[in-house]
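Right, one structure below, let's go through it.
The values are calculated or read from the model by the stated rules, or taken from the named source; none is laboratory data. None of these values were measured; they are calculated from a predicted model. Glycine gets a Cβ as well: all are built from the backbone with ideal geometry, and neighbour counts include every protein chain shown.
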Amino acid sequence: MENLLIPGLSVQAVGLIGAPLIRRADSNRVFELRVYHAVPGKLRALESRFRDTASKLLSKHDLKAVGYWIPEDAPASDNTFIYILAHPSREEAKENWDAMRSDPEFQEMAKSEQADKLVEKVDATYMHPTDFSPTK
């Protein structure tokens, strides 16, 4: 975590109040769970799209991936691709998604998706960590 410097406060004072300030600064942080339901037989192509293109576009637009997953058990293992993004706030998430959607590289990827449909449905859920969550 970054140290927050406040003009006029001594280093000792910042040390005493730094942790609460950091928690407050992170209180808007949200995670986004995205579940992609692939067209039958297209899960590997979807996985490749994320490996080769989509993950780079997400990173380029400050959409920070926590991880990518494929379920282990059928039937979900046949057609489900899951990832989680971490955002400083819902507002920044919206701004970053909007920027990515206007990126010509993303538009090209979306155009190719129309020609070779990989995804039937996307479920997106924004989540905030609980006060007892190890990930905040």
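Return yes when T125 is of a type in the set (S, T, N, Q), free of Cβ contacts under 8 Å to residues at least 40 places away in the same chain and not in a helix (DSSP H, G or I) and no when it is not. No: the conditions fail for T125.
In the stretch 27-50, the condition of being in a helix (DSSP H, G or I), at pLDDT 95 or above and either touching an Asp or Glu at 6+ places or on another chain (Cβ under 6 Å) or of a type in the set (F, W, Y) (or both) is met by at least one residue. Identify all residues within the stretch 106-126 that are within 19 Å of R51 (Cβ to Cβ), loosely packed, with under 11 Cβ neighbours inside 10 Å and either β-branched (V, I, T) or touching a strand residue (DSSP E or B) at 6+ places or on another chain (Cβ under 6 Å) (or both); write none if there are none. The answer is V122, and nothing else. Has the stretch 63-85 got at least one residue that is surrounded by fewer than 17 Cβ atoms within 10 Å (Cβ to Cβ), modelled with pLDDT of 95 or more and of a type in the set (F, W, Y)? The answer is yes; a qualifying residue exists.
Summed over the stretch 92-136, residues that are under 23 Å from V30 (Cα atoms) and basic (K, R) total 4.
To keep it simple, each residue is scored yes or no on (1) touching a Lys or Arg at 6+ places or on another chain (Cβ under 8 Å); (2) of a type in the set (A, V, I, L, M).
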position	(1), (2)
P71	no, no
A74	no, yes
R90	no, no
E95	no, no
Q114	no, no
K117	yes, no
D123	yes, no
